[in-house]
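J.: Dropping a structure here in structure tokens format, bear with me for questions.
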Amino acid sequence: MGNGSTTTLALPSKGAIADPTINFFRDCGLRIEKPNQRQYTGFLPSIPSIAVLFQRVTDVLYKVADDTAQIGVTGLDIVHEHPHPDIVVIHDRLGYGYCSLVVAVPESWVDADNMLDVAEIALDFREHKRRNLRVATKYPTLTRQFFHRQGIHHFTLVNAEGAIEAAPTLGYADIIVDLTQTGTTLRENHLKVIPDGVILESQACLIGNRTALMQRSGVLRDVRVLLEYIDAALNGRNYYQVTANIAGESAQAVAEKVALNAATRGLQGPTIAPIFGVDLPPDGSSSWFTATIIIAAGDLLQAIEHLRAIGGTQTTVTPVRYVFLEQSPHFVKLVETLQRST
Amino acid sequence: MQRGYNYDPEQFRRVLAVLEHHMGLFGYRSFFVPTIENADLFLIKAGDQIIKQLFTFERHNQQLALRPEFTAAAAYYYAQRYSDETPVVRWRFSGSVFEDAPEGARERLSAGAELIGLSGPAADAEIIALAAQGLIALGLFDWRLTIGHTRIIRQVLSQYAFDSRTERFLLHHLPILRGTQANWEFLAARLDAFLDQADQSAPPPSLLPHTAATDEPAQPPENSSGRTPEDVARRLRQKQQRRARRDDILNAFHELERWANLNDDDPEAIFNAMTTLAGSNPQAQTTLTEWRQTMDLVYAYKISFKQIQLQPALARSWDYYTGIVFELTTGDGMHLGGGGRYDELVQLIGRPQPAPAVGFAYYLDAILSRFPLHSDNAVNGVMLTFPAEQALLAVEWAQVFRQHGMSITLMPEITKQLANDLPQLHISTDGSLDWQGRAYRLEQVSELVSALNR
């Protein structure tokens, strides 16, 4: 894969972010086709120069690091746990796959409310039980760094594959550091999250091979195309297009009424168009206008109420598919990052 | 990595040979430890001090470190090899140790010894004497031996029954108590900050009744994992009570101040003062008795009491040392070495049973700096210069010199050489060597060597 003219995109083949990744690309207008479900390859019909390689979520990072794939989607937790000089994070917020890497202790430890308590308990183990606090985790690097920053130096990491949450019950660890989305699995295993024990907030991210991006213009070009779609689609999620019919003396008058509220000022201003209805006055003038505005998603209800207040009616709302800015901000940032690398 | 050496490599070899011979006379055998180890091994020993200086790197998903010292590896090897028995081992070591300082990584030289499996005054005295007499063997006499005892200080604090965090807070601030005027305002502010921190983490009182001891035997609830309800309850009570014990903590500071400022050149006077301060603390009195026995044995090793200062609150790592601690310093305050007893390390590293241990290390860079620096070409022996056409004969001369045990350096005439203080010989056209007006032929090499050695 990844000959001179093809850019290979590695995507997770299984796990929590596998299906959401496919859905994400689809929602960005970049449908991914997998001709044979038993194989690990696919393609993007909209960008023929990109080939898709499906891998386990950790292997995505390794494939990008060794240039088998030039770009890939994995979790930020994977990237931080396995730092690699050849990996550059192109987009750190794809907006899905949210989870947190947390410190969790048995719920029976009612004396443990924060990391200061965990630090004291670690000392307790050393002084009274003559052994280190055992921490089960699949993230030894992040766990070690976090514990040392918290002033906890006396602990033993227990490498655990499989159900980490069961480690305290089974007795081969005292506490755990693990990923959680809702905390439900932890609670069901009688564990509680330490509030200031959140090591990392993770989500899906797009990574790239630094050398490939710097040396192969085709790869950088393909990444720019991807980022244009991704940035525009993510921007679009923040907006709605709202149209409302409003009566007024003139387009100017209607525009002024619409713009009275900050929520209805739109990206640059409302678009006002006359409605040519069936009951036009003899001179052809219209007393009804359609106002079209782009509203920030969080302001929708406020916008609707204002439009109603100024006489708006038959208000329709449609989601915005894309909002393209002058340039993809993440591509601009990537280029700056690569330039700093030289 | 800091590059270049400010000591003479030949001098280093001589110093090391003397120290190894000296330690060999006490029965200490060479012990080799890996240069690269799992970082956790060193962090287990003394995490707080070492974490900022540990030279770590990651390979194959493991965090590794360049050894900062030898003791942790010695304890680990002992724990691995002797899991069921506790034999007495005497190991000596030497080599490079590494630290990662803000100004750059550093490689230093260290040598020392570990005595594992033996507790008591005799073992402590042996290690102290081994360290001090090593300096004498090197011809260094301008040094002071300062001896402290971490157990005494902990026993003094034990009467207050503080939790371990409060005790660590007190010990951490011990150096501030030394001197003519401790900064009590600063200490009080630090104490209040410490207690405020504790307040934030204290649970609401409503939780306490649920964890009170009952008449029924306590059963560890599911997922208590290594902590019993009594552990949890004890800690909850400590958290609640910490703020209430502000005055007790200040009283403990005042008591520690008295111990920290014991100062007399006469060790006997210090012992008498400590006995008075220890009062009716039976554990402290027992430890003082043991300490006296140790000192009697140290004097038996002919280490003059004039070179010894007792300082009960000598601040070496409180987390690590469990008994006697000591430091060797020059008259102008340079640290030459130090050590002490560390009875808990072997068990912490993973052995089910504890094993008593005591040891020390020399800071060889400091020791070597006390010796004059020789030139780069400083070797014993002679230098033989020769014209190119006499190269074969020069080699023959060199062979016979070396057979007679004399070091000889060959230098072709055209080579530029560094200035050195070696006697210079030159091959004449007839193949002979001239020395002090007499010509020597190859078969007269033994006479020439004798003449050179005069």
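J.: Any chance the stretch A:57-69 includes a residue that's under 21 Å from the mean Cα position of the chain (by Cα) and of a type in the set (D, E)?
T.: yes
J.: Kindly list the number of the only condition in (1) within 13 Å of another protein chain (Cβ to nearest Cβ); (2) in a loop (DSSP other than H, G, I, E, B); (3) more than 23 Å from A:R187 (Cβ to Cβ); (4) of a type in the set (D, E, K, R) that fails for A:R93.
T.: Every listed condition holds for A:R93 apart from (1).
J.: Next question, about the same structure. Within the stretch B:91-114, identify whether any single residue is of a type outside the set (G, A, S), surrounded by fewer than 19 Cβ atoms within 10 Å (Cβ to Cβ), under 30 Å from B:Y299 (Cβ atoms) and under 19 Å from the mean Cα position of the chain (by Cα), and answer yes or no.
T.: Within the stretch B:91-114, not a single residue is of a type outside the set (G, A, S), surrounded by fewer than 19 Cβ atoms within 10 Å (Cβ to Cβ), under 30 Å from B:Y299 (Cβ atoms) and under 19 Å from the mean Cα position of the chain (by Cα).
J.: For the stretch A:180-194, state whether one or more residues are within 13 Å of chain B (Cβ to nearest Cβ) and under 27 Å from A:I87 (Cβ atoms).
T.: Scanning the stretch A:180-194 turns up no residue that is within 13 Å of chain B (Cβ to nearest Cβ) and under 27 Å from A:I87 (Cβ atoms).
J.: Looking at A:L206, A:L234, can you tell me which residue is more than 21 Å from A:T316 (Cβ to Cβ), in a helix (DSSP H, G or I) and within 27 Å of the chain's Cα centre (by Cα)?
T.: One residue alone meets the criteria, A:L234.
J.: For the stretch A:140-157, which positions are at pLDDT 90 or above, within 19 Å of A:I121 (Cα to Cα) and more than 10 Å from chain B (Cβ to nearest Cβ)?
T.: Within the stretch A:140-157, A:T143, A:F146 meet the criteria.
J.: Go through the stretch A:24-48 and report how many residues are closer than 19 Å to A:R93 by Cβ and free of Cβ contacts under 8 Å to residues at least 40 places away in the same chain.
T.: Residues flagged as closer than 19 Å to A:R93 by Cβ and free of Cβ contacts under 8 Å to residues at least 40 places away in the same chain within the stretch A:24-48 amount to 2.
J.: From B:A72, B:A79, grab the single residue that is within 14 Å of another protein chain (Cβ to nearest Cβ), modelled with pLDDT of 90 or more and not in a strand (DSSP E or B).
T.: Every option except B:A79 fails the conditions.
J.: Next question, about the same structure. What is the number of the single condition among (1) in contact with a helix residue (DSSP H, G or I) (Cβ under 8 Å, 6 or more places away or on another chain); (2) within 14 Å of another protein chain (Cβ to nearest Cβ); (3) in a helix (DSSP H, G or I); (4) among the aliphatic types (A, V, I, L, M) that A:A173 does not meet?
T.: (3) is the only condition that A:A173 fails.
J.: Give the residue that is nearest to the other protein chains (Cβ to nearest Cβ), with candidates limited to residues of the stretch A:159-170 that are more than 26 Å from the chain's Cα centre (by Cα) and part of a helix (DSSP H, G or I).
T.: Of everything passing the filter in the stretch A:159-170, A:P168 is nearest to the other protein chains (Cβ to nearest Cβ).
J.: Something else now. Take A:R134 and tell me if it is outside any helix (DSSP H, G or I), under 33 Å from the mean Cα position of the chain (by Cα), facing chain B (nearest Cβ under 10 Å) and charged (D, E, K, R).
T.: Criteria met by A:R134.
J.: If A:H190 meets every condition in (1) at positive phi; (2) without any contact (Cβ under 8 Å) to a residue 24 or more places away in the chain apart from one, which number is that one?
T.: (2)
J.: So, A:G75, is that one at positive phi and either under 28 Å from the mean Cα position of the chain (by Cα) or modelled with pLDDT under 95 (or both) or not?
T.: no
Residues are listed down the side, and each one gets a yes or a no for (1) among the β-branched types (V, I, T); (2) part of a helix (DSSP H, G or I); (3) surrounded by 19 or more Cβ atoms within 10 Å (Cβ to Cβ):
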position: A:V177; (1), (2), (3): yes, no, yes
position: A:T182; (1), (2), (3): yes, no, no
position: A:T185; (1), (2), (3): yes, yes, no
position: A:G197; (1), (2), (3): no, no, yes
position: A:T211; (1), (2), (3): yes, yes, no
position: A:L227; (1), (2), (3): no, yes, yes
position: A:I230; (1), (2), (3): yes, yes, yes
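J.: Please go through the stretch B:222-236 and pick out each residue that is loosely packed, with under 15 Cβ neighbours inside 10 Å and in contact with a helix residue (DSSP H, G or I) (Cβ under 7 Å, 6 or more places away or on another chain).
T.: Once the filter is applied, which keeps residues that are loosely packed, with under 15 Cβ neighbours inside 10 Å and in contact with a helix residue (DSSP H, G or I) (Cβ under 7 Å, 6 or more places away or on another chain), the stretch B:222-236 yields only B:E222.
Quick grid of which residues meet (1) hydrophobic (A, V, I, L, M, F, W, C); (2) crowded, with 17+ Cβ neighbours inside 10 Å:
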residue: B:L310; (1), (2): yes, yes
residue: B:L314; (1), (2): yes, yes
residue: B:Y320; (1), (2): no, yes
residue: B:G323; (1), (2): no, yes
residue: B:H335; (1), (2): no, no
residue: B:G338; (1), (2): no, yes
residue: B:P356; (1), (2): no, yes
residue: B:S369; (1), (2): no, no
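J.: Considering each residue of the stretch A:100-122, count those that are at the interface with chain B (Cβ under 9 Å from one of its Cβ atoms), of a type outside the set (D, E) and in contact with a His (Cβ under 7 Å, 6 or more places away or on another chain), and give that number.
T.: Of the residues in the stretch A:100-122, 1 are at the interface with chain B (Cβ under 9 Å from one of its Cβ atoms), of a type outside the set (D, E) and in contact with a His (Cβ under 7 Å, 6 or more places away or on another chain).
J.: Continuing with this model, one more query. Test each condition in (1) outside any loop (DSSP other than H, G, I, E, B); (2) buried (at least 22 other Cβ atoms within 10 Å of the Cβ) for A:T156 and report the one that comes out false.
T.: All conditions are met except number (2).
J.: Now for a different question. Using the structure shown, decide if B:R316 is among the basic types (K, R), within 30 Å of B:P68 (Cα to Cα), at pLDDT 90 or above and under 31 Å from the mean Cα position of the chain (by Cα).
T.: The answer is no for B:R316.
J.: Being in a strand (DSSP E or B) and either within 16 Å of B:Q403 (Cβ to Cβ) or touching a residue at least 60 places away in the same chain (Cβ under 8 Å) (or both) is the filter here, so list the residues in the stretch B:428-444 that pass it.
T.: Listed by number, the residues that qualify are B:L433, B:Y440.
J.: Right, here's the next one. Restricting to the stretch B:117-127, give me the number of residues that are part of a helix (DSSP H, G or I), of a type in the set (A, V, I, L, M) and within 20 Å of B:E344 (Cβ to Cβ).
T.: Residues that pass the stated criteria total 2.
J.: What residue, of A:Y139, A:Y172, is farther than 21 Å from B:T166 by Cβ, among the hydroxyl-bearing types (S, T, Y) and free of Cβ contacts under 8 Å to residues at least 60 places away in the same chain?
T.: Only one candidate passes the filter, namely A:Y172.
J.: Go through (1) more than 28 Å from A:N23 (Cβ to Cβ); (2) touching a Leu at 6+ places or on another chain (Cβ under 8 Å) for A:L116 and report which single condition fails.
T.: Every condition holds for A:L116 apart from (2).
J.: Here is a further query. Cβ-Cβ below 7 Å, separation at least six or inter-chain, first residue in the stretch A:1-21 and closer than 16 Å to A:Y40 by Cα, second modelled with pLDDT under 90: which pairs?
T.: Note: pairs meeting the criteria are A:T8/A:M1; A:T8/A:G2.
J.: Now a separate question. Would you point out which residue out of A:Y239, A:Y229 is away from chain B (no Cβ under 14 Å) and either out of contact with any helix residue (DSSP H, G or I) (no Cβ under 7 Å at 6 or more places or on another chain) or at positive phi (or both)?
T.: After ruling out the rest, the residue left standing is A:Y229.
Condition check ((1) in contact with a strand residue (DSSP E or B) (Cβ under 9 Å, 6 or more places away or on another chain); (2) farther than 17 Å from B:Q155 by Cβ; (3) at pLDDT below 90; (4) not in a helix (DSSP H, G or I)) across all residues:
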position: B:L250; (1), (2), (3), (4): no, yes, no, no
position: B:F253; (1), (2), (3), (4): no, no, no, no
position: B:W259; (1), (2), (3), (4): no, no, no, no
position: B:D265; (1), (2), (3), (4): yes, yes, yes, yes
position: B:N272; (1), (2), (3), (4): no, yes, no, no
position: B:T276; (1), (2), (3), (4): no, no, no, no
position: B:T287; (1), (2), (3), (4): yes, no, no, no
position: B:W291; (1), (2), (3), (4): yes, no, no, no
position: B:T294; (1), (2), (3), (4): yes, no, no, no
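The values are calculated or read from the model by the stated rules, or taken from the named source; none is laboratory data. Here the structure is a predicted model, which is why all the values come from computation and not from measurement. For neighbour counting, all protein chains shown are included, and Cβ atoms are generated from backbone atoms with ideal geometry for every residue, glycine included.
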